[in-house]
Amino acid sequence: MSSRDPSGQHLRDLARLRRVRDRIDREYAQPLDVERLARDAHMSAGHLSRQFRLAYGESPYSYLMTRRIERAMALLRRGDLSVTEVCFAVGCASLGTFSTRFTELVGVPPSAYKRDAAGDMAGVPPCVTKQVTRPIRNREAPATAPKLA
């Protein structure tokens, strides 16, 4: 297989994209930006963003924020941390951006989610809780938030 083989290059790009996605999953609480992810994957930021969207249906930034919001939902359900503490624990630097994105994905602000969800999933296995409470991507949250229990 030569380096000019389009299918070979496509497979190498997919492997790099998978490594980027895995890194986001692992390091979601770290300061990550598309430029750094692209540089570490030996791609330009624009190419990474375009290829990531083609492969996974959303931009790397959107995927990162979804991971952060998923983790924030779990921390808020525990009920022992404030919304601000959760915001910083999941790697967000701005409470405003965190709250806006949380509301877009979940359908309710983080404070309302914390108030309503604390204890609702008690006794439910974490793997089921994660599936049931997974945030909806791309601004598709329902107008009214569904009840968790």
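The values are calculated or read from the model by the stated rules, or taken from the named source; none is laboratory data. Keep in mind that this is a model prediction, so the values were computed, not measured. With ideal geometry, Cβ positions are generated from the backbone for all residues, glycine too; neighbour counts draw on all protein chains shown.
A few notes on this one:
- Test: residue in region 79-87 that is surrounded by fewer than 12 Cβ atoms within 10 Å (Cβ to Cβ) and not assigned by TED's automatic domain parsing to the domain that holds Ser111: no
- Selection count, region 40-61, where residues are of a type in the set (S, T, N, Q) and either assigned by TED's automatic domain parsing to the domain that holds Pro110 or in a loop (DSSP other than H, G, I, E, B) (or both): 2
- The condition (being touching a Leu at 6+ places or on another chain (Cβ under 9 Å) and of a type in the set (A, V, I, L, M, F, W, C)) is satisfied by just one residue among Ala29, Ala74, Ala15, Ala41: Ala41.
- Counted residues, region 62-99 - those being assigned to a helix (DSSP H, G or I) and more than 30 Å from Arg12 (Cβ to Cβ): 21
- Filter result (without any contact (Cβ under 8 Å) to a residue 60 or more places away in the chain, closer than 20 Å to Pro31 by Cβ and touching a Pro at 6+ places or on another chain (Cβ under 9 Å)) within region 66-82: Ala72
- Every residue from region 88-102 that is buried (at least 19 other Cβ atoms within 10 Å of the Cβ) and without any contact (Cβ under 8 Å) to a residue 60 or more places away in the chain: Cys92, Phe98, Arg101, Phe102
- Verdict on Thr66 being surrounded by 15 or more Cβ atoms within 10 Å (Cβ to Cβ) and closer than 27 Å to Ala112 by Cα: yes
- Matching residues, region 19-39, being in contact (Cβ under 8 Å) with a residue 24 or more places away in the chain and assigned to a helix (DSSP H, G or I): Val20, Arg21, Ile24, Asp25, Val34
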